[in-house]
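Before any comments, here is the structure.
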Amino acid sequence: MSKILMNTLFGAAVVMFAFVASAGAEPAKPECLAGAKPGGGFDLTCRLAADALLKTKQISAPMAVTYMEGGVGAVAYNHVASKRSKDANLITAASSGSALLLAQGKFGHYDEGAVRWLGAIGADYGVLVVAADSPYKTLGELVEAYKANPADFAIAGGGAVGSQDWMKGSLLAKAAGQDPKQMRYVALEGGGAVLTALEGGHVKVGSGDAAEMVKHHLAGKIRILAVMAPARLPGDLADVPTAREQGFNIDWPVWRGFYVGKEVSDADYDWWVQAFKKAMDTPEFAREREARGLFEFKLFGKDFDERVRADVAQFKILAKEAGM
């Protein structure tokens, strides 16, 4: 009987060990890959994850942040898909801009199904801005003026033709019943250059993001006419109406999140999902997110995967309509 009991206990222990081993565990060497130079949006996203997960004790070892520039995330995406597909230690920063580039086929032969989309942990929102002394006080006034004389309106954005800022400008053109392909778009190096162009009177409209424009709006250097969000943003932009409020169905959320390799196990994938969910329920995470100018946006697992795929599909339509 004793031998039978020992064999039974041993068998149970083996089963339990196998269960625990397959349940996913904290990564021994957590790493976040930013697909650009330090200082940009991918870096911000990785730093938010690294700081928040450590401060909320979801990870016990500091998370390394590494950089792999090229193609606004394309090189990093290809690297993960081809060489680190099974690496459960690695998460890679992404944004709605990643979905836009995937929709335009700018990530090579890999599509949105080449990785596992993990989750989004914050968001920014697109804005349309004019100079402080501009005669246009509402989005409706700007749309009417643009409709009357589109050639008179140069629109500046921090990115090339086909970028997110270009797309936001194209939505203004469409709202005015004009062809986005005929839009006078001025491609500049980031939001700072857009602000300089506006203040210097070189362009009449700026396309950008709320987080980078809000301080200049409050300082009276520019005027934000509309935020491209489904509802008004809290805090310093609470008094700025949305495009929807002004009668234009224009939304442009800029989510920031992560993906992992396609072959990462369900257990390890779920560990990351739960770690982020727990961290995001803490005041420490909220402070870290707000310090980086991001707004609350939480979407994980299957729901996030569906969101990314829907965004890619929608961006394909927008790109086609815009002649991209």
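A short reminder: the numbers here are calculations on the coordinates, not readings from a lab. Only a predicted model underlies this, so the values are computations on that prediction, with no experimental measurement involved. Cβ placement follows ideal geometry from the backbone for every residue including glycine, while neighbour counts extend to all protein chains displayed.
In the stretch 125-237, what % of DSSP beta bridges are antiparallel (nearest 5)? Percentage antiparallel, nearest 5: 55. The label-point distance for residue 245 and residue 296, in a model that sets each label 7 Å from Cα toward Cβ, rounds to 1.9 nm.
Count charges around residue 126 for me, please; just the other residues with Cβ under 10 Å from its Cβ, Lys/Arg as +1, Asp/Glu as -1. Don't jump to the answer; show the numbers that get you there.
On the way: positive: 168; negative: 124, 165, 209, 251.
Combined, the nearby Lys, Arg, Asp and Glu give -3.
For the chain, the longest stretch holding no GluC sites (Glu not before Pro) located in a DSSP loop with at most 16 other Cβ atoms within 10 Å is which? Could you put the intermediate results ahead of the total?
Values: sites that count: 69, 189, 245, 263, 296.
Of all site-free stretches, the longest is 70-188.
Compute the signed sum of charges (Lys and Arg +1, Asp and Glu -1) over the other residues within less than 10 Å, Cβ to Cβ, of residue 158. Display every interim value, and only then the final one.
Numbers: positive: none; negative: 165, 189, 209, 212.
Value of the local net charge: -4.
Please give the FRET efficiency for residue 138 paired with residue 219, using the beta carbon to beta carbon distance and R0 = 22 Å, rounded to the nearest 0.05. About 0.60, to the nearest 0.05.
Net charge in the neighbourhood of residue 44 (other residues with Cβ under 14 Å of its Cβ; Lys, Arg +1, Asp, Glu -1) is -2.
Could you tell me what fraction of 2.2 N^0.38 Å the Cα radius of gyration of the stretch 125-237 comes to, as a two-decimal ratio? Present the calculation step by step, with values, prior to reporting the outcome.
Working: Rg = 12.6 Å, N = 113, 2.2 N^0.38 = 13.3 Å.
Expressed relative to 2.2 N^0.38 Å, the Cα Rg reads 0.95.
May I ask for the longest run of the chain untouched by trypsin sites (Lys or Arg not before Pro) that are loop-located per DSSP and have at most 13 neighbouring C-beta atoms (other than their own) within 10 Å?
138-324
What's the center-to-center distance, using Cα atoms, between the stretch 57-124 and the stretch 191-264 in Å? That distance is 24 Å. Computed from label points 7 Å out along Cα-Cβ, the spacing between residue 320 and residue 66 is 3.9 nm. Scanning the chain for long hydrophobic helices, with DSSP H runs required to stretch 27 angstrom or more by C-alpha along their axis and to average at least 0.5 on the Kyte-Doolittle scale, returns 2-22.
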